[in-house]
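Chemist: First, the structure itself, so that you have it in front of you.
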């Protein structure tokens with residue numbers, strides 16, 4: 001059933017049939033309806049979640065009620081508040097589903113047992129964290145030094161082609177750290193540039 | 001000689017004397033004078049570097065000549081442009097020494113051989129990357145949602161006590177993504193608050 005998960009494993013490590021069978025047993029399937037929470041601020045993040053289907057987001061809400069989205073997770077991606085997951089402290093983040101979604105959840109005891117019984121997963125998670133760190137560093141550098149327009153261009157390049165249709169404008173703006181008005185202005189300018197080039 | 005390195009290893013994995021001896025052979029010692037580069041933008045980042053002594057920074061320089069510091073590395077920390085190191089593409093970053101420093105360099109072939117011969121290091125690097133990712137995510141969330149003053153407070157909390165004496169004002173400001181004037185205003189305000197409390 002969780003075929004995408006094993007496809008992703010196979011990109012980084014080679015598992016025997018026995019190891020596949022065993023690793024399957026550590027995951028708990030979970031379906032979320034659109035807008036349903038996986039994690040609410042104030043709770044401890046008990047899982048790292050693999051997205052088999054759907055789309056989720058990780059975000060904070062500040063004192064003024066403004067949402068700040070720090071991550072989207074499409075099919076084949078992982079999502080979690082790692083700090084809360086590892087430390088056991090309550091999370092400042094929310095995770096919810098932006099579409100009906102199907103997840104595979106890995107709890108902390110299950111992850112520890114999996115790493116102990118199949119040490120190859122140390123390598124899988126090492127590579128996964130490495131790629132995630134690179135992406136996060138890139139975003140951080142962008143936030144400090146790029147204009148909103150450059151950040152928008154970069155996002156469009158790295159995300160699936162379906163992104164603009166799947167993520168509402170105000171959430172895209174929140175992810176980019178700009179107002180919806182600024183995003184709308186950037187998009188208007190892009191559309192105009194494209195028309196000029198076509199003429 | 002590289003005692004700090006083995007102290008750091010021991011916090012996360014248990015190495016036999018034989019493994020210690022072997023792992024030592026993968027590292028190349030390197031001394032840098034203050035202001036000397038370890039990496040210059042346009043070159044490929046060939047090493048991940050462990051700081052035995054000293055202080056380094058990772059930063060970009062934009063078209064207008066402005067520096068944006070994304071990381072400091074104190075004794076016991078690692079520093080690298082991971083993206084360039086892993087992809088073999090040229091780096092947009094510079095790494096240089098802010099003090100006379102002593103490093104232990106690990107090249108890509110050396111890292112691969114070390115992981116192959118001593119698979120325990122998969123776990124070491126997995127945990128290292130995990131902690132680094134959490135810190136980077138925290139900084140990113142802060143950049144998007146916190147005020148400059150909140151970011152300053154957080155930095156002071158997580159960094160060694162020696163930080164204010166070792167990092168020049170304009171570099172601290174660059175790391176926080178604010179102007180030196182804003183940093184100076186924040187510090188002035190803090191000093192005033194402290195005086196008021198003392199009265």
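Chemist: Considering only B:82, B:106, B:55, give the residue with the highest GNM mean-square fluctuation for chain B, with springs between Cα atoms whenever their separation is below 10 Å.
Modeler: Comparing B:82, B:106, B:55 in a Gaussian network model of chain B, the most mobile one is B:82.
Chemist: Assign one of three labels to chain B, namely rounded, prolate or oblate, based on the Cα gyration tensor with a ≥ b ≥ c the square roots of its eigenvalues; rounded applies when a/c is under 1.5, prolate when it is not and a/b is larger than b/c, and oblate otherwise.
Modeler: The shape class here is prolate.
Chemist: A follow-up question, please. For the stretch B:31-90, rounded, prolate or oblate, judged on the Cα gyration tensor with a ≥ b ≥ c (square roots of eigenvalues), a/c < 1.5 rounded, else prolate if a/b > b/c?
Modeler: Since a/c reaches 1.5 but b/c is at least a/b, the shape of the stretch B:31-90 is classed as oblate.
Chemist: In addition: To the nearest 10 degrees, how steep is helix A:120-145 against the longest Cα principal axis of chain A, on a 0 to 90 scale?
Modeler: 20 degrees
Chemist: Shifting gears a bit: Just grab the label-to-label distance for residue A:43 and residue B:90, each label 7 Å out from Cα along the Cβ direction, in nm (one decimal).
Modeler: Result for the modelled spin labels: 4.9 nm.
Chemist: Once the label point is placed 7 Å from Cα along Cβ, list for residue A:117 the distances to the corresponding points in the other copies, in nm, shortest first.
Modeler: Label-point distances to the other copies, shortest first: 3.3 nm.
Chemist: Under the convention of a label 7 Å out along Cα→Cβ, give the distances in nm from residue A:12 to the same position in every other copy, shortest first.
Modeler: 1.4
Chemist: Compute the helix-to-body angle for B:108-117: its Cα long axis versus the longest principal axis of chain B, expressed 0 to 90° and rounded to tens.
Modeler: 60 degrees
Chemist: Round to the nearest 10 and give me the degree value, 0 to 90, for the angle of helix B:180-198's Cα axis relative to the longest principal axis of chain B.
Modeler: 70 degrees
Chemist: For residue B:4 and residue B:191, calculate 0.36 nm times their separation in residues minus their Cα-Cα distance, and state this gained length in nm to one decimal.
Modeler: Difference between extended and current length: 63.8 nm.
Chemist: Would you mind computing, in nm to one decimal, how far apart the modelled labels at residue A:36 and residue A:100 are, each placed 7 Å from Cα along Cα→Cβ?
Modeler: 1.1 nm
Chemist: Evaluate the relative contact order of chain A (contact order divided by residue number), counting alpha-carbon pairs under 8 angstrom at least 6 apart; express in whole percent.
Modeler: Once divided by the residue count of chain A, the mean separation gives 23 percent.
Chemist: Taking a point 7 Å out from Cα toward Cβ as the label site, list the nm distances between residue A:61 and the same residue in every other copy, smallest first.
Modeler: Spelled out, the distances from residue A:61's label point are 4.6 nm.
Chemist: Taking a ≥ b ≥ c as the square roots of the eigenvalues of the Cα gyration tensor of the stretch B:48-125, is the shape rounded (a/c under 1.5), prolate (a/b larger than b/c) or oblate?
Modeler: It is oblate, given that a/c is not under 1.5 and a/b is not larger than b/c.
Chemist: Separation between the residue B:158 and residue A:147 pseudo-spin-labels, each 7 Å from Cα along Cα→Cβ, expressed in nm?
Modeler: Calculated label separation equals 3.0 nm.
Quick note: the coordinates plus some simple rules give every number you see, no bench work behind them. None of these values were measured; they are calculated from a predicted model. Quick reminder, even Gly has a Cβ in these numbers, built from the backbone with ideal geometry, and neighbours come from all protein chains shown.
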